[in-house]
Amino acid sequence: MQTKGNKERHKKILVAPSVLSADFSKLGEEVRAICDAECDYVHIDVMDGHFVPNLTMGPMIVKSIAKASSKPLDIHLMVKNVPFFVELFAPLKPAFMSVHIEEVQHLHRVIWQIKDLGIKAGVVLNPHTNEQDLEYILPDIDLVLLMSVNPGFGGQSFIPSSLKKLKNLKQLRDRLNPNCLLEIDGGVSDKNIMDLKNAGIDMVVAGSYIFGSNDYRQAILSLR
Ligand code: DX5
Ligand code: ZN
């Protein structure tokens, strides 16, 4: 018989490559390549130049990505004026849409705005944000996205305290909403994947690690 611990150890980690690290001059090709390499989701980093010091993709580009993708989208909104961006990207029918707790004033309302649009809702925590802040929203959400770098850029180093936060968050999640997925974003590679797995991660975002490799399939496999 498989014990719970056993089951968790053998659990398949979901992998969402971040297209932020793709070659934008051949975006369609890159998106098809990660889908052919059997990623689970395609992670989209939307940055507005206000919430974070970088500007990335609007809905026109994300629509082209969605067309090239055979996998569902995982949209990470790093923006101010969150309800506006939720409406803007909702017609693309992503699987997940996640918003930063640091930016949203009426988080419960925004989460239900996303869910009422038929999209799974996630909350993102910056590296300095305490996981206990999620206590009263966890039962309503489908995903927590832990930032293990400061949002804004790909290719940064993993912040070590994220591991302790993930362990604490897992306890909170198991107690309040076992169906909610735990995802981590920033500096993920084959160097830290076992620690993340042992701490209970369900899903990882990886940009530079996957797109910087010369074999996307192998890179994705090494994170599973
Ligand atoms: C950072 C983004 C990440 C980023 C991850 O603000 O949210 O999704 O692309 O890139 P890597 O895996 O290179 O740290
Ligand atoms: Zn992201």
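FYI, it's all coordinate maths here, none of it is from the lab. All values reported here derive from a predicted model rather than from experimental measurement. Here the Cβ positions follow ideal geometry from the backbone for every residue, glycine too, while neighbour counts run over all protein chains shown.
A few comments on the model shown:
- For the options ARG109, ARG32, ARG173, a Gaussian network treatment of the chain with springs between C-alpha atoms closer than 10 Å singles out ARG109 as fluctuating the most.
- GNM result for the chain, Cα springs below 10 Å: residue of VAL123, VAL205, VAL62 fluctuating most strongly: VAL62
- An oblate overall shape is assigned to the range 1-124, the ratio a/c of its alpha-carbon gyration tensor axes (a ≥ b ≥ c) being 1.5 or greater and a/b not exceeding b/c.
- Residue among LEU181, LEU169, LEU117 with the largest mean-square fluctuation in a Gaussian network model of the chain, springs linking Cα atoms under 10 Å: LEU117
- What you get for the chain, charging only the Cβ of Lys and Arg (+1) and of Asp and Glu (-1), is a dipole of about 600 debye around the Cα centre.
- Potential lengthening of the chain between MET60 and MET194 amounts to 44.6 nm, from the contour at 0.36 nm per residue minus the alpha-carbon distance.
- Sequence-distant contacts, meaning Cα pairs under 8 Å at least 6 residues apart, place the relative contact order of the range 48-166 at 21 percent.
- Extent along principal axes [Cα atoms of the chain; Å; largest to smallest]: 47, 42, 31
- The lysines whose alpha-carbon is closer than 24 Å to the alpha-carbon of LYS11, local same-chain residues fewer than 8 away aside, are LYS71, LYS120, LYS164, LYS165, LYS167, LYS170, LYS191, LYS197.
- Global form of the range 117-224, assessed from the alpha-carbon gyration tensor, a/c cut-off 1.5: prolate
- Sites listed here are GluC sites (Glu not before Pro) in the range 82-156 whose DSSP assignment is loop and whose Cβ has at most 16 other Cβ atoms within 10 Å: GLU102, GLU135.
- Theoretical ellipticity at 222 nm over the chain - DSSP helices of four or more residues, -39500 (n - 2.57) apiece, nearest 500: -10000 deg cm²/dmol
- Relative contact order of the chain, defined on C-alpha pairs under 8 angstrom at six or more residues apart (%): 22 percent
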